[in-house]
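Take a look at the structure below.
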Amino acid sequence: MCSWCWAFRPSLLSLLSGLPKEIEVISVLGGLAPDNEEPMSEETCLFVQGHWQAIQRQVPKTKFNYDFWNNCIPRRSTYPACRAVIAARYQGQKFDEEITLAIQKAYYLQARNPSDYSTLITLSEELGMDKEKFELDIKSLATEEVLQQEINECRRLRLNSFPGLLLINDEKQIRINPDYLNAKTMLEKINDVI
């Protein structure tokens, strides 16, 4: 549910397809915004919409459906979406990427609220997952423990902004600055390091 991650998606896919085969890619959930049942204040709604507008200026091909702000009750709560990714993994690793994209499309293009468990459960069903298993897993203690482990791993690696890219090579940690418009710059830096 990070709008900058949504804007980065095309460049990330290009980066991933160009990586040398010996590089193992590990995705870690950063959490972003803890559970919160309170609707966003008008000030926060305007702040987030301002980010969407800034993204569209800097990454012009990025699309947002502003109907979200009228059709949904926005909450600053991204942990449910993170739990959905973990619950999806339990049904097969392929569902990690599939539900991530489904959550992004629901939020940014379809004006559906991924802070709501009902939205996430519907998305799992649309992707062909076992809905009952997903519904149990998304709210399980085991899923919460995995989420907290991943958030802690992000903090340990000092990945405090999203999207965050870190290349670990021979115990060295090299930050790769996200390039939203050109994956080549990231690939060149990675190739220089390895």
> Which of the chymotrypsin sites (Phe, Trp or Tyr not before Pro) found in region 8-102 are in a DSSP loop and have at most 16 neighbouring Cβ atoms, other than their own, within 10 Å?
Replying inline: TYR66
> Roughly what angle does helix 79-89 make with the longest principal axis of the chain, taking Cα atoms, 0 to 90 degrees, to the nearest 10?
Replying inline: 70
>> Roughly how far apart, in whole Å, are the Cα centres of region 64-139 and region 144-194?
In response: 24
> At 222 nm, what helix-only mean residue ellipticity would the chain give, in deg cm²/dmol to the nearest 500, using -39500 (n - 2.57) for each DSSP H run of four or more?
Replying inline: -17500 deg cm²/dmol
>> With Rg/Rh (Cα atoms, Kirkwood Rh) as the read-out, I listed (i) 1.01; (ii) 0.96; (iii) 1.04; which label goes with the value calculated from this structure?
In response: (ii)
>> Connecting C-alpha atoms closer than 10 Å in a GNM of the chain, tell me which of ILE23, ILE99, ILE121 has the biggest fluctuation.
In response: ILE23
> Among 110-116, 124-130, how do they line up from the highest to the lowest mean number of other beta-carbon atoms within 10 Å?
Replying inline: 110-116, 124-130
> Of ILE73, PHE8, VAL28, whose Cα points farthest to the positive end of the dipole of the chain (charges on the beta-carbon: +1 Lys, Arg; -1 Asp, Glu; origin at the Cα centre)?
Replying inline: PHE8
> Under the rule that a partner needs its Cβ under 4.7 Å from the first Cβ, which Cys of the chain have none?
Replying inline: CYS45, CYS72, CYS82, CYS154
> Relative contact order for the chain using alpha-carbon pairs under 8 Å, separation at least 6, rounded to a whole percent?
Replying inline: 28
>> Using 0.36 nm times the number of residues separating THR122 and ASP35, minus their current alpha carbon distance, what extension gain do you get?
In response: 29.4 nm
>> At 0.36 nm per residue, and after removing the present C-alpha to C-alpha distance, how many nm does the segment from LEU167 to VAL25 gain when stretched out fully?
In response: 50.2 nm
> So if we plug the beta-carbon distance of ASN191 and GLN110 into 1/(1 + (r/R0)^6) with R0 = 25 Å, what FRET efficiency do we get, rounded to 0.05?
Replying inline: 0.10
> What is the magnitude of the charge dipole of region 91-194 about its Cα centre, with +1 placed on the Cβ of each Lys and Arg, -1 on the Cβ of each Asp and Glu, and no other charges, expressed in debye to the nearest 20?
Replying inline: 440
> Based on Cβ point charges of +1 for Lys and Arg and -1 for Asp and Glu, what charge dipole magnitude is obtained for the chain about its Cα centre, in debye rounded to the nearest 20?
Replying inline: 640
>> How much length would be gained if the chain were fully extended between GLU145 and ASP67, taking 0.36 nm per residue of separation minus their Cα-Cα distance, in nm to one decimal?
In response: 24.7 nm
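The numbers here are math on the coordinates, done by the rules we state, and not lab data. Since the structure is predicted, the reported quantities are computational estimates derived from the model, not experimental observations. Backbone-built Cβ (ideal geometry, glycine too); neighbour counts: all protein chains shown.
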